[in-house]
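The values are calculated or read from the model by the stated rules, or taken from the named source; none is laboratory data. All values derive from a computational prediction rather than experimental measurement. With ideal geometry, Cβ positions are generated from the backbone for all residues, glycine too; neighbour counts draw on all protein chains shown. Surface accessibility is based on the protein's heavy atoms, side chains included, excluding ligands, DNA and RNA. Shrake-Rupley method; radii C 1.70, N 1.55, O 1.52, S 1.80 Å.
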Amino acid sequence: MPDQTVQDAARTWPLEGLARVPYWVFQRDDVYSREQTRLFQGPYWHFLCLEAEIPEPGDFRTTHVGDTPVIVARDQDGEIYVFENRCAHRGALICLKDRGRAKDFSCVYHAWTYDLRGNLTGVAFREGIKGQGGMSPGFRMEDHAPRRLRVALVHGLVFGSFSDEVPPVEEYLGEEILGRIGRVFAGRTPVVLGRFTQMLPNNWKLYVENVKDSYHASILHLFFTTFQLNRLSMKGGIIVDPTGGHHVSWSAVDHTVQRDAEYAKQNIRSDSGYTLADPSLLDGFAEFPDGVTLQILSVFPGFVLQQIQNSIAVRQILPRGTHRTALNWTYLGFAEDAPEQRRARLKQANLVGPAGYISMEDGCVGGFVQRGIAGAAEECAVLEMGGTTAESSPSRVTEASVRGFWKAYRNGMGL
Ligand code: FES
Ligand SMILES: [Fe+2]
């Protein structure tokens, strides 16, 4: 009775509401199963891949929505179709590759075949041999297929949903978030510069919290603070959408500002005296007319769009059990980039990813939490920085967008 157990736990969600997060939410198997049904198969849009990864008819990619494997394919009509990567016969993966080009898909187990839209088109030995064996006469191929997902495209990003109730993606995102996505792509043609998967030793929600946590960014990350890329004292702000689930954190480097006293006062580890042997790493180019040098954007439940200087990437957060998360990074440039701009982006790619100068700490801090809370299921995290609500704010010394995530999460989970 997993639902009953979660109901029991729900009664123990602290009275402080968004300002507290009970640690059992990162640990329990019943919570995990409920997330799979209510969030990952529920009325939400999930980032799958970029259109640029499947530009031609026949191109496909495989990925996941939560635990569920899916195939994203471009059919001969140029449209993108998404369906479960689960054979309608006995459930094997239909496609074993990560990406490629195909005319159709054939399951390796008993060779049932599917077209690029996920229709079952062939059953091996359907008629049997010499009148013996074969499928029962009433078997109709059109009655059997992997489940299909709804598909939505936003500035070249491909989203999918199992739900018929999810609103159109523009409405789901809202004008402000949509505008902030559009600002990064700016009508250009995305090109994939690189990709990798990073396994995180923690629950997926600890990574989502980290992404939304503007408070930690310039404290945990020595590189950010030391090289003046992101300090809480810079111009910037937080946008939290009305659902709470999507957010933007942005800032603009102002090189005229000297090292500020605010950091010296806090005696923060990240305010170090290190220098770069090769400062060209930070030689960027002016790309955005608004002067914003850092924008981290998240879409509930597990999508991130990052612009750090000229390093642009999307991240897909995939739960892999209560204590593990797959984080898929895709670095982007644009077809319109000049060669030296491409080089600058590749160089700045060193800032992020598993060993990135900035983001390496994020790869382990979730694990520190997961280990720290072992044996403390009934204890809670305190989220009171910047108040107890989940609203947009001109200050980044706040946990407003983290509280926003919990607002959307509790709503979706009925907790
Ligand atoms: S499981 Fe796919 S053909 Fe049998
Ligand atoms: Fe971080």
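Worth pointing out:
- If you check HIS46, HIS64 for being more than 16 Å from ligand 1 (Cβ to nearest atom) and open to solvent by less than 20 Å² (accessible area, probe 1.4 Å), only one passes: HIS46.
- Qualifying residue in segment 373-392 (condition: touching a residue at least 60 places away in the same chain (Cβ under 8 Å), within 26 Å of TRP45 (Cα to Cα) and part of a helix (DSSP H, G or I)): no
- Count of segment 304-321 residues which are open to solvent by 10 Å² or more (accessible area, probe 1.4 Å) and not in a strand (DSSP E or B): 3
- Counted residues, segment 184-217 - those being within 16 Å of ligand 2 (Cβ to nearest atom) and closer than 27 Å to ARG343 by Cβ: 2
- Considering (1) assigned to a helix (DSSP H, G or I); (2) touching a residue at least 60 places away in the same chain (Cβ under 8 Å); (3) surrounded by fewer than 22 Cβ atoms within 10 Å (Cβ to Cβ); (4) of a type in the set (D, E, K, R), the lone condition that ARG403 does not fulfil carries the number (3).
- Listing of helices (runs of 4 or more DSSP H) fully contained in segment 196-254 that carry 3 or more residues being open to solvent by 10 Å² or more (accessible area, probe 1.4 Å) and hydroxyl-bearing (Ser, Thr, Tyr): none
- Verdict on VAL169 being open to solvent by 20 Å² or more (accessible area, probe 1.4 Å), more than 16 Å from ligand 1 (Cβ to nearest atom) and not basic (Lys, Arg): no
- Segment 223-249, residues that are touching a residue at least 60 places away in the same chain (Cβ under 8 Å), more than 18 Å from the chain's Cα centre (by Cα) and either under 16 Å from THR293 (Cα atoms) or within 15 Å of ligand 2 (Cβ to nearest atom) (or both): PHE223, PHE224, LEU229, ASN230, LEU232, GLY236, GLY237, ILE238
- Residues that are among the charged types (D, E, K, R) and surrounded by 18 or more Cβ atoms within 10 Å (Cβ to Cβ) were ranked within segment 354-388; the one that is nearest to ALA277 (Cα to Cα) is GLU361.
- Note on segment 14-29: residues that are part of a helix (DSSP H, G or I) and buried (at least 18 other Cβ atoms within 10 Å of the Cβ) amount to 6.
- Test: residue in segment 183-205 that is in contact with a Leu (Cβ under 6 Å, 6 or more places away or on another chain), under 30 Å from PHE26 (Cβ atoms), away from ligand 1 (no atom under 16 Å from the Cβ) and not acidic (Asp, Glu): yes
- Some residue of segment 43-51 being of a type in the set (Phe, Trp, Tyr), in contact with a helix residue (DSSP H, G or I) (Cβ under 8 Å, 6 or more places away or on another chain) and at pLDDT 95 or above: yes
- Candidates in segment 71-125 are the residues that are more than 12 Å from ligand 1 (Cβ to nearest atom) and of a type in the set (Phe, Trp, Tyr); of these, the one that is surrounded by the most Cβ atoms within 10 Å (Cβ to Cβ) is PHE83.
- Residues in segment 307-365 that are more than 14 Å from ligand 2 (Cβ to nearest atom), within 26 Å of GLU35 (Cβ to Cβ) and among the basic types (Lys, Arg): ARG320, ARG324.
- Scope segment 322-352; condition open to solvent by less than 20 Å² (accessible area, probe 1.4 Å) and among the basic types (Lys, Arg); matching residues: ARG345
- Listed by position, the strands (runs of 3 or more DSSP E) enclosed by segment 71-164 that each have at least 2 residues that are β-branched (Val, Ile, Thr), more than 16 Å from ligand 2 (Cβ to nearest atom) and closer than 30 Å to ILE177 by Cβ are 80-84, 148-154.
- Set GLY174, GLY182, GLY156: member being under 18 Å from the mean Cα position of the chain (by Cα) and either on the phi < 0 side of the Ramachandran plot or open to solvent by less than 10 Å² (accessible area, probe 1.4 Å) (or both): GLY182
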